[in-house]
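Here the structure is laid out as structure tokens; the discussion comes afterwards.
The values are calculated or read from the model by the stated rules, or taken from the named source; none is laboratory data. None of these values were measured; they are calculated from a predicted model. No Cβ is skipped: glycine too gets one built from the backbone with ideal geometry, and neighbour counts run over all protein chains shown. Calculation scope for accessible area: heavy atoms of the full protein, side chains included, ligands and nucleic acids excluded. Shrake-Rupley method; radii C 1.70, N 1.55, O 1.52, S 1.80 Å.
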Amino acid sequence: MALLLRHSRKLRRVHGVLDCERGSIARHFSVAAAKEDAVSSSSVHGEYGKKVGRSSIFLHRQSEKDLHTFKVSSREARGSYSSKRMPIAATGVNSLFSCGQVVSARHFSSGADLPPHEAIGMPSLSPTMTEGNIARWVKKEGGKVSPGEVLCEVETDKATVEMECMEEGYLAKIVCGDGAKEIKVGEIIAITVEEEGDIEKFKDYKASSSPSAESKPQSEPVEPKEEKKEVSKAPEPTATKTEESSQSGDRLFSSPVARKLAEDNNVPLSSLKGTGPDGRILKADIEDYLSSAAKGSKKEAAAAPGLGYVDLPNTQIRKVTANRLLQSKQTIPHYYLTVDSRVDKLIKLRSELNPMQDASGGKKISINDLVIKAAALALRKVPACNSSWMNDFIRQYHNVNINVAVQTEHGLFVPVVRDADKKGLATIADEVKQLASRAKDNSLKPEDYEGGTFTVSNLGGPFGIKQFCAIVNPPQSAILAIGSAEKRVIPGAAEGQYEIGSFMSATLSCDHRVIDGAMGAEWLKAFKGYLEDPTTMLL
């Protein structure tokens, strides 16, 4: 076999077959004892050698005793052949003599008909993000982009985030336009090019279904296409007909696909009239029947009284909130502790501080701001409640970062006030107002809501809810639910004397894996103490 190959005419005339300039041919063979031998080098002709670059062609031929490997590359022409180089092209007897089988390495190019370009994928903008929506494109198709400029606004599982450009170029194609929904992380959303003249070539560009397909060159672009064509011609042989008996005894002809679709949807074939040859029932006939039946049922539903409805699409933030709260309720052993605190002194302190805030141009201090400060100081006093369950251990945080629940038309947001125990009431009031405003504008950034260790949810002040139990926001271990303040008649110092006081309900929801009942009660005692004697918060 080795002798035959050594005297092969094709190998002696390989420079004419390959039509390449720089390259060489080497042969390795092993016969049980793993011998090696080198075959002659030959200089091969030009244009193709420039296209191939460092690409290689390997041909594998194997019999029972002999294994022959052929290699073509530009490196051997320079006398620097290495037997450790790995194959990157197709294999087969004819692939050695077919220049079309070698794919040239082109940066960011998915095919020979496209110029160099960069495919921009949907970024992962938060630790829990798996898919996102395109809120709107700031840059227009065909426009020039520079590093640092905002390309588009992406709606993540937390908020709407601006996506910035990393390199200079031109936005050649927007694959996913304004309002595109449920785009997987990594899926192509746009194409950029370096040269303005290349924009027109991406006019009809369509991204592949696989995010990674853009970067994978096809080593054999010809054979797979031919195979796909052959497969697509195979279904539904025209000569085959399936007989089915109807109620009248006549024979009905239908294709296997149509019969299967009819069985799956309980469609009686006898009630259909086929549109195929000789009245044969086709798949399209079944689909038309199902479509007309669906339209009829919709009309009936609309006509029925009391059944009108509208389907509202879920935003990313609402989907994530639903999943996280469901997981919390199913996996965290909740328990609840409630106290009523007299807040007359708290209300009086607020009324004394706000005139000073108005004089200095600061934001007015709300009851909720005072609650946040009291909760932060209570966490500093009882640090065991400022912790998270980590399966094998409990993580206790040094920072007291309070998430504040904010309800918006886009969903529930929980921006964070960092180091709330170290900040003054004026600073907390200012930060909460800014964060709430950005939450309602749907313009929060990831750093605005990540890193919280405890959450405060207040439905009393805005909505007048007397008392409620909130769901723990994992990985946190507790959440405080604040009800409204109400006036109550209470006994006075002497018998027969009464006075009126303002009381506010507070319910602490705890993860029993981290916070035992006594520990939660200790925290609530400290919290109540700050509310009933608020001047201690100023020390």
task = Apply the Karplus parameterisation 6.51 cos²θ - 1.76 cosθ + 1.60, with θ equal to phi minus 60°, to every residue of region 279-284 and state each ³J(HN,Hα) to the nearest whole Hz, in sequence, with x for glycine and proline.
result = x, 5, 7, 10, 4, 4
query = So who's got an amide H within less than 5 Å of the one on Leu151, skipping anything under 5 residues away but keeping other chains? H placed 1.01 Å off N, in plane.
reply = Met163, Glu164, Cys165
remark   = accessible surface per residue for region 117-201, probe 1.4 Å, DNA/RNA/ligands not counted, whole Å² -> 47 Å²
key: Percent carbon-and-sulfur accessible area, region 317-538, ignoring ligands, DNA and RNA, probe 1.4 Å   = 53 percent
key: Rounded to whole Hz, the Karplus (6.51, -1.76, 1.60) HN-Hα couplings of region 382-387, x for glycine and proline   = 10, x, 5, 7, 9, 9
ask   = Which of Met129, Tyr170, Leu151 sits closest to the plus end of the dipole of region 117-201, meaning its Cα is farthest towards the positive end, when Lys and Arg get +1 and Asp and Glu get -1 on the C-beta?
value = Met129
task = Please identify every one of the GluC sites (Glu not before Pro) in region 129-159 that sits in a loop by DSSP and has no more than 15 other beta carbons within 10 Å of its own beta carbon.
result = Glu149
remark   = Placing each pseudo-label 7 Å from Cα in the direction of the beta carbon, Asp311 and Thr408 end up separated by a distance in nanometres of 2.7 nm
query = Whole-Hz Karplus ³J(HN,Hα) for region 460-466, in order, using 6.51 cos²θ - 1.76 cosθ + 1.60 and θ = phi - 60°, x for Gly and Pro?
reply = x, x, x, 10, x, 6, 6
request  = Give Lys144/Lys440; Lys433/Lys487; Lys345/Lys423 a once-over and call out the pairs whose C-alpha atoms are over 29 Å from each other.
outcome  = Lys144/Lys440
key: Between region 501-539 and region 366-397, the Cα center-to-center distance that results, in Å   = 11 Å
key: Spin-label model distance (nm) - Gln434 vs Arg488, 7 Å beyond Cα toward Cβ   = 3.9 nm
ask   = What is the set of long-range amide H partners of Phe253 at a cut-off below 5 Å, with H atoms built 1.01 Å from backbone N?
value = Ile281
inquiry  = Below 13 angstrom from the Cβ of Glu200, what's the summed charge of the other residues (Lys, Arg +1; Asp, Glu -1)?
reply    = -3
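What part of the accessible area of region 117-201, given as a whole %, is carbon or sulfur when the probe is 1.4 angstrom?
The value for region 117-201 is 45 percent carbon and sulfur by accessible area.
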